[in-house]
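The values are calculated or read from the model by the stated rules, or taken from the named source; none is laboratory data. This is a predicted model, so every value here is computed, not measured. Here the Cβ is made from the backbone with ideal geometry for all residues, glycine too, and neighbour counts use every protein chain on show. These accessible areas exclude ligands, DNA and RNA; they are computed on the full protein's heavy atoms, side chains included. Shrake-Rupley method; radii C 1.70, N 1.55, O 1.52, S 1.80 Å.
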Amino acid sequence: MKPITVAIDGPAGAGKSSVAKAVSQRMGIDYLDTGAMYRAMGLYMLINAVPIADEAAVAEYCGQARIGVTYDGGVQHTWLGDADVSQAIRTEQCSSAASGVSKVPQVREILVEAQRRIAAGHGVVMDGRDIGTRVLPDAAVKIFLTASPQVRARRRCDEMAAKGQAADYDTILRDIQARDYQDTHRAASPLKKAEDAVEVDTSEMSLEEVIAAICRLVEAVV
Ligand code: DC
């Protein structure tokens, strides 16, 4: 049987990683969070004081970053050199740095190549922005996961509040809209739905409904 590949793309905050993780567990397929690799690249630039807005500098230094991924009990760990940066990359600063470095074609080339190597020869659920269009254009199942910016901002606020963090809805909504604009307007692999992707708008769906819908699509091609 050919290993099954599932591509899940969509804007920030659509729930891609929660959905992709759950689908991977239920279907017994590995999960790769590609955003984590862009975040690790962003962190590398921050640590080395490379100005993220300077595309030429980012292009020059990106080849030196040693970014790796390992799995421990099905959980992805993301590495920068010898350091496990899985937690460190979850800050707003890293999120913004990731968005900046992801515009640079040399960064995308390196990370797309690494992602294809990780996927080669076995099944994988991958989430990101360009999985169905570029990284795995032959993926058996392609999903484009969306939700309105307002719903995404509300979910993010609730997540932060649940962790006891202060959350301002208007600021979060503005951040989400700015990130959407950057991700869809960059020249290198802008976020867009692959022609053959199934669009799933999760604005009115529970997480469980989304997971079940995607598992059905995967089961249909197994
Ligand atoms: O999904 P995330 O928030 O962890 O992604 C961080 C940034 O990386 C986001 O601004 C978009 C970018 N990214 C990308 O350009 N291509 C991917 N395959 C994954 C993420």
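Backbone amide hydrogens, once placed in the peptide plane, bring residue 5 within less than 5 Å of 124, 140, 141, excluding anything fewer than 5 places away on its chain.
Geometric descriptor of segment 17-73, per residue, is 99 Å³ (volume of the convex hull of the Cα atoms).
Give the long-range amide H neighbours of residue 31: residues separated by 5 or more places, or on another chain, with amide H under 5 Å away, using H modelled in the peptide plane at 1.01 Å from N. Amide H to amide H, under 5 Å and 5 or more residues apart or across chains, residue 31 pairs with 125.
What length, rounded to one decimal in nm, is gained on full extension from residue 167 through to residue 109, with 0.36 nm per residue of separation minus their alpha-carbon distance?
Extra length from residue 167 to residue 109 when fully extended: 17.4 nm.
Could you give the dipole magnitude of segment 9-101 about its Cα centre, charging the beta-carbon of Lys and Arg +1 and that of Asp and Glu -1, in debye to the nearest 20?
Dipole magnitude for segment 9-101 comes out near 320 debye.
According to the Cα-based calculation, Rg over Rh for segment 135-222 is 1.03, with Rh computed by the Kirkwood formula. Keeping the other protein chains in place, figure out the carbon and sulfur percent of the accessible area of segment 1-120, with a 1.4 Å probe. Carbon and sulfur atoms account for 51 percent of the accessible area of segment 1-120.
With 5 Å bins beginning at zero, the pair-distance distribution over Cα atoms of segment 128-171 amounts to 5, 21, 18, 12, 11, 13, 12, 7, 1 %.
Taking the inverse of the mean 1/r over every pair of distinct Cα atoms in the chain gives a Kirkwood hydrodynamic radius of 17.8 Å.
With contacts taken as Cα pairs under 8 Å at a separation of at least 6 residues, segment 103-193 carries a relative contact order of 36 percent.
I need the fraction of alpha carbon pairs in segment 103-142 separated by more than 17 Å, rounded to a whole percent. Result: 22 percent of Cα pairs exceed 17 Å. Annotation: per residue accessible area for segment 29-83 equals 48 Å², rounded to a whole number [probe 1.4 Å, protein chains only]. Specify which residue in the list 222, 125, 86 is farthest towards the positive end of the charge dipole of the chain, using unit charges on the beta carbon of Lys, Arg (+1) and Asp, Glu (-1), about the Cα centre. In the chain, that residue is 222.
Listed by chain and number, the aspartates and glutamates whose C-alpha is less than 14 Å from the C-alpha of residue 2, apart from same-chain residues fewer than 8 away, are 138, 219. Ranked by the mean number of other Cβ atoms within 10 Å of their residues, highest first, the peptides 80-88, 37-45, 161-169, 175-183 come out as 37-45, 175-183, 80-88, 161-169. Against the empirical curve 2.2 N^0.38 Å, the C-alpha radius of gyration of segment 48-154 lands at a ratio of 1.18. For the chain, relative contact order (Cα pairs under 8 Å, six or more residues apart, normalised by length) works out to 32 percent.
Accessible surface area normalised per residue over segment 105-166 is 45 Å², counting heavy atoms of protein chains with a 1.4 Å rolling probe. If we count every other residue with Cβ under 10 angstrom of residue 13's Cβ, Lys/Arg +1 and Asp/Glu -1, where does the sum land? Spelling it out: positives minus negatives among the neighbours equals +3.
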